[in-house]
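Taking it in order: structure first as structure tokens, then the write-up.
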Amino acid sequence: MLTILPLLLAGTVWQSETALPADSLFNRTFLTTPNVFHTEPEVLFTNRPQHIDLFVEFPKQDLESVRLYFRTDSMTVWQEIHLDYFRGRYRYLFDPNAIPGTALDYFFVVTQKNFSIYADPLDENGKLNPVSKPLLDPVKYYRDKLKSRQ
């Protein structure tokens, strides 16, 4: 057992050095590129699952990973999701029925095999600027939208 312990510790240290903790990403400046593109959903509802998509125009063989980081207002830690390629985009199905909260914050990080790292959305200085969306009641949303048209 004692001979396995150093291997386990070395594996843990290696993983922590290669991982990109979400909080450390806020201290970085990223290069802007039109090859990583996300359009925010107009609205997120409290009871309806919604796809969150990222379009990446780098060759798939050049990509190490495409990740989504998110948290709701009821979470203290960013959740990291490795996204899979689906019909020309990288996609995650956010289900507010399974994940509690009244607001969602999220951003994307794309890592290439040549160690280039891109993120979206960014502010004008190349710093992460996570999308922040409230989760709205669909009945109230459409009722208010109908009233605004009258």
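The strands (runs of 3 or more DSSP E) located wholly in the stretch 96-150 that include 1 or more residues which are within 26 Å of Gln61 (Cβ to Cβ) occupy 103-112, 117-120.
Take the stretch 123-138 and flag every residue that is surrounded by 11 or more Cβ atoms within 10 Å (Cβ to Cβ) and either over 19 Å from Thr39 (Cβ atoms) or in contact (Cβ under 8 Å) with a residue 24 or more places away in the chain (or both). Passing the criteria: Gly126, Lys127, Leu128, Pro130, Val131, Ser132, Lys133, Pro134, Leu135, Leu136, Asp137, Pro138. You will find that of Phe30, Phe26, the residue that is loosely packed, with under 15 Cβ neighbours inside 10 Å, hydrophobic (A, V, I, L, M, F, W, C), modelled with pLDDT of 75 or more and out of contact with any helix residue (DSSP H, G or I) (no Cβ under 9 Å at 6 or more places or on another chain) is Phe26 and no other. Put simply, of Thr39, Thr29 the only residue that is more than 16 Å from the chain's Cα centre (by Cα) and either of a type in the set (Lys, Arg) or assigned to a loop (DSSP other than H, G, I, E, B) (or both) is Thr29. Filtering the stretch 22-51 to residues that are farther than 16 Å from Asn129 by Cβ and not hydroxyl-bearing (Ser, Thr, Tyr) leaves Pro34, Asn35, Pro41, Glu42, Val43, Leu44, Phe45, Asn47, Arg48, Pro49, Gln50, His51.
Across the stretch 65-80, a minimum of one residue is classified as outside any strand (DSSP E or B), touching a Gly at 6+ places or on another chain (Cβ under 9 Å), among the aliphatic types (A, V, I, L, M) and touching a residue at least 12 places away in the same chain (Cβ under 8 Å).
Kindly indicate whether Thr72 is surrounded by fewer than 17 Cβ atoms within 10 Å (Cβ to Cβ) and hydroxyl-bearing (Ser, Thr, Tyr). No: the conditions fail for Thr72.
When Val109 is tested against the conditions (1) surrounded by 11 or more Cβ atoms within 10 Å (Cβ to Cβ); (2) out of contact with any helix residue (DSSP H, G or I) (no Cβ under 7 Å at 6 or more places or on another chain), the lone failure is (2).
The values are calculated or read from the model by the stated rules, or taken from the named source; none is laboratory data. Note that this is a predicted model, so its numbers are computed, not measured. Glycine also receives a Cβ, built like all others from the backbone with ideal geometry; neighbour counts cover every protein chain displayed.
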